[in-house]
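The values are calculated or read from the model by the stated rules, or taken from the named source; none is laboratory data. Since the structure is predicted, the reported quantities are computational estimates derived from the model, not experimental observations. Please note: Cβ atoms are built from the backbone with ideal geometry, for glycine as well, and neighbour counts cover all protein chains shown.
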Amino acid sequence: MLQTLPLEYYLILSSIIFCIGAFGVLTRRNAIVVFMCIELMLNAVNLTLVAFSSYLGDSAGQIFVFFVMTVAAAEAAVGLAIILALFRTHKTVYVDDVHSMRW
Amino acid sequence: MSLTVIAFVIFAVGAIATAILMITRSNAIPAALCLIAHFFCLSGLYLTLQAAFLATLQILVYAGAIMVLVVFVIMLLNLHSEAPSTQYPRFRMLAGILITGILALELTGLAIHHGTGLNELPAVASIVGSAHELGRVLYTDYLFPFEAVSLLLLAAIVGAVVLAKRTLED
């Protein structure tokens, strides 16, 4: 049986999670769920960064995860404020009902 | 099988299962709860990688702070279950499966084809992932990005306040 974990296992796992998130972004209508799917994709990339950082013994990857988390927090604040403003002006959070800027 | 391998299998299956559950929930609150469970599984995966400090941060910042914000907004909006799309629902699903399938093939193919040759964690991994070492690197080598990112957070706070104000016209 398997005794140690090759790095590829983590890479494959994170690519699967990334693709699940991408599928959610493409198919869901609710802006909040789309937003949560983007968080899912960000976390898949974080997993790759942490895996490389640990296997190479270099802390730079884990520092990048800090910055990704900070940017995700900023994104959460601004993104949710945009969704709130959208709901207030258009009375909907479904992304395909909002077409005032579509050609 | 070693304990790390068992933990990896459990958390990996949990992470994929909660991710799939999340994107298939029609209501936003169960989706948010699945995402929180997903973050806990990811935190366990960080522990198998000896990144103890990031595992703590994952729960504190993501499952704690960011998801509370999301749940708050869902509560404010008082949404019902998501109805299927009125514009080309089948085409939308097909496009999603096609694009995601190609992306998955490329990513996993890349990971398998170009083997990294790294088969086990080095002994320094637990030192690299400790709060002591990460703090030292963050406040010496990455001091300027750290300050820049604090400015970004300030800008985001101001932006959120402006956007969430009652009236947009004033």
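Looking at the range B:1-115, the helices (runs of 4 or more DSSP H) lying wholly inside it that each contain 3 or more residues that are more than 13 Å from the chain's Cα centre (by Cα) and within 8 Å of another protein chain (Cβ to nearest Cβ) sit at B:3-24, B:28-48, B:67-77, B:89-113. Selection of the range A:47-103 for residues being at pLDDT below 85, of a type in the set (A, V, I, L, M) and over 21 Å from the mean Cα position of the chain (by Cα) yields A:Val98, A:Met101. Of the residues making up the range A:60-101, those that are more than 8 Å from chain B (Cβ to nearest Cβ), in contact (Cβ under 8 Å) with a residue 24 or more places away in the chain and assigned to a helix (DSSP H, G or I) number 3. Report whether or not B:Ile97 is in the same structural domain as B:Ala15 (by TED's automatic domain parsing) and either surrounded by fewer than 17 Cβ atoms within 10 Å (Cβ to Cβ) or not aromatic (Phe, Trp, Tyr) (or both). No; evaluated as a whole, the condition is false for this residue.
None of B:Ile127, B:Ile66 is closer than 28 Å to A:Phe67 by Cα, touching a helix residue (DSSP H, G or I) at 6+ places or on another chain (Cβ under 6 Å) and modelled with pLDDT under 90 except B:Ile127. Listed conditions (1) more than 7 Å from every other protein chain (Cβ to nearest Cβ); (2) hydrophobic (A, V, I, L, M, F, W, C); (3) closer than 25 Å to B:Val128 by Cα; (4) surrounded by fewer than 18 Cβ atoms within 10 Å (Cβ to Cβ) are all met by A:Phe52, apart from (4).
Just one of (1) in contact (Cβ under 8 Å) with a residue 40 or more places away in the chain; (2) touching a Ser or Thr at 6+ places or on another chain (Cβ under 8 Å) fails for B:Ala104. It is (1). Please find, among B:Glu120, B:Glu106, the residue that is of a type in the set (D, E, K, R) and either modelled with pLDDT of 85 or more or assigned by TED's automatic domain parsing to the domain that holds B:Tyr46 (or both). Result of the check over B:Glu120, B:Glu106: B:Glu106.
Checked against the criterion of being farther than 15 Å from B:Leu103 by Cβ, more than 7 Å from chain B (Cβ to nearest Cβ) and either touching a Pro at 6+ places or on another chain (Cβ under 7 Å) or among the β-branched types (Val, Ile, Thr) (or both), the range A:21-36 contains one or more residues that satisfy it. Given the structure, is B:Thr140 of a type in the set (Ser, Thr, Tyr) and either surrounded by fewer than 13 Cβ atoms within 10 Å (Cβ to Cβ) or more than 9 Å from chain A (Cβ to nearest Cβ) (or both)? Against the criterion (of a type in the set (Ser, Thr, Tyr) and either surrounded by fewer than 13 Cβ atoms within 10 Å (Cβ to Cβ) or more than 9 Å from chain A (Cβ to nearest Cβ) (or both)), B:Thr140 qualifies. Yes or no: the range B:134-144 includes at least one residue that is of a type in the set (Val, Ile, Thr), at pLDDT 85 or above and not assigned by TED's automatic domain parsing to the domain that holds B:Thr48. Scanning the range B:134-144 turns up at least one residue that is of a type in the set (Val, Ile, Thr), at pLDDT 85 or above and not assigned by TED's automatic domain parsing to the domain that holds B:Thr48.
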